[in-house]
Amino acid sequence: MKLLEGKVASVAIKENLKSKIESLIASGKRAPHLAAVLIGDDPASHTYVNSKVKNCAEVGIRSTLIQHDANISEEELLQIIRKLNEDKEVDGILVQVPLPKHISEKKVTLAIAPEKDVDGFHPVNIGNMVLGLPGFVSATPWGIILFLEHYGIKAEGKNVVIVGRSHTVGTPLSILFSRNTSFGNGTVTLCHSRTKNLEEICRSADILIAAIGRPLFIKENMVKEGAVVIDVGINRVEDVTAKKGFRLKGDVDFDNVKEKCSYISPVPGGVGLMTIAALLTNTFDAYVRNNDIEL
Ligand code: GUN
């Protein structure tokens, strides 16, 4: 069994971005620029956004953090987005969710210019992904594709089983793995709460993606000998012996499954780190495309 290490793969991607950005700056170009909008005081959102900002700095992406308290009106937030859309010095925009209840996430998503939507949440970008056109794929599915690419694992001709059909992970992955691309050409099965014979279907997987949001859901009897297992779950499981009172557990029963796998990603230390690498990659791509930069 080999571990798919998010740290190793994300550092490699970040080093590559950093050197590209350094040479563009040396040739007189400005740095890529991400604008991150953070509303309210949700502690998890603050942690995520701070980490995004810190990672931008590590690779030479400029970032601007726009913070407001939760009582900002929807119109004020939409106005901020419109200004960022028009700002030629801003390449990528992200508005951290969840938003306060009085603000429509749908309206906010639709307000972001698709060519700056580095989160890939805008329907135009989802449509581009389905059609195989240039656009942005959201950070978790794109991070998983980059993760497998880093380790030279190909989906072509393989049975890819995805457990969980969320808009943000399972559904986009089912499309990406089935497309005729260097990372696609897999035979995809998308499983969900109504799937019959789930264990048997999972046992047919050469590549098994667990994205259900239930701790330790994938057990040993659901994994084929030699399978590649990607764990997307980040579940807080109460544990009085842990400092914070909880531990992060994936959707896979890692300890009992690992020896059956050819490759497996741990939680923490797996997919989570790749999502940031994917966001940085998207921001760099937005900068290149929107400014007609030749590499
Ligand atoms: N909240 C949790 N994950 C994400 C993400 O990928 N993007 C944004 N904007 N908000 C999030």
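The values are calculated or read from the model by the stated rules, or taken from the named source; none is laboratory data. These numbers come from a predicted model, not from an experiment. In this analysis, Cβ positions are derived from the backbone assuming ideal geometry, glycine residues included, and neighbour counts consider all displayed protein chains. Surface accessibility is based on the protein's heavy atoms, side chains included, excluding ligands, DNA and RNA. Shrake-Rupley method; radii C 1.70, N 1.55, O 1.52, S 1.80 Å.
The single residue among 12, 36 that is in contact (Cβ under 8 Å) with a residue 40 or more places away in the chain, hydrophobic (A, V, I, L, M, F, W, C) and under 15 Å from residue 139 (Cβ atoms) turns out to be 36.
Filter segment 9-38 down to residues that are loosely packed, with under 14 Cβ neighbours inside 10 Å and either under 18 Å from the mean Cα position of the chain (by Cα) or of a type in the set (Gly, Ala, Ser) (or both), then give me how many there are. Of the residues in that region, 6 qualify. Between 35, 57, the distinction of being of a type in the set (Gly, Ala, Ser) and part of a helix (DSSP H, G or I) belongs to 57 only.
Against the test of being free of Cβ contacts under 8 Å to residues at least 40 places away in the same chain, exposed (fewer than 14 other Cβ atoms within 10 Å of the Cβ) and away from the ligand (no atom under 16 Å from the Cβ), the options 69, 41 yield a single qualifying residue, 69.
Residues in segment 82-96 that are open to solvent by 30 Å² or more (accessible area, probe 1.4 Å) and either within 14 Å of the ligand (Cβ to nearest atom) or assigned to a loop (DSSP other than H, G, I, E, B) (or both): 87, 88, 89. Under the condition of being in a helix (DSSP H, G or I), touching a residue at least 12 places away in the same chain (Cβ under 8 Å) and within 17 Å of residue 80 (Cα to Cα), the residues counted in segment 97-134 number 8. Considering only segment 218-227, I want to know if a residue exists there that is part of a strand (DSSP E or B) and crowded, with 17+ Cβ neighbours inside 10 Å. Yes: one or more hits. Please list, ordered by first then second residue, the pairs with beta carbon atoms under 6 Å, 6 or more apart or interchain, first in segment 155-168 and in contact (Cβ under 8 Å) with a residue 24 or more places away in the chain, second within 16 Å of the ligand (Cβ to nearest atom) and open to solvent by 10 Å² or more (accessible area, probe 1.4 Å). Here the result reads 164/211; 165/171; 168/138, each pair linking segment 155-168 to a residue that is within 16 Å of the ligand (Cβ to nearest atom) and open to solvent by 10 Å² or more (accessible area, probe 1.4 Å). When the residues of segment 140-154 are filtered to those that are open to solvent by 20 Å² or more (accessible area, probe 1.4 Å) and within 16 Å of the ligand (Cβ to nearest atom), which remaining residue is farthest from the chain's Cα centre (by Cα)? Filtering segment 140-154 for residues that are open to solvent by 20 Å² or more (accessible area, probe 1.4 Å) and within 16 Å of the ligand (Cβ to nearest atom), the one farthest from the chain's Cα centre (by Cα) comes out as 146. Beta carbons closer than 8 Å, at least 6 apart along the sequence or on distinct chains, pair a first residue in segment 171-196 that is within 19 Å of residue 251 (Cα to Cα) and part of a helix (DSSP H, G or I) with a second that is open to solvent by 10 Å² or more (accessible area, probe 1.4 Å) and among the charged types (D, E, K, R) for 171/165; 174/165.
Among the residues examined, residue 74 qualifies as modelled with pLDDT of 95 or more, more than 15 Å from the ligand (Cβ to nearest atom) and open to solvent by 20 Å² or more (accessible area, probe 1.4 Å).
When residues in segment 236-273 are screened for being more than 26 Å from residue 145 (Cβ to Cβ), open to solvent by 50 Å² or more (accessible area, probe 1.4 Å) and assigned to a loop (DSSP other than H, G, I, E, B), 4 of them pass.
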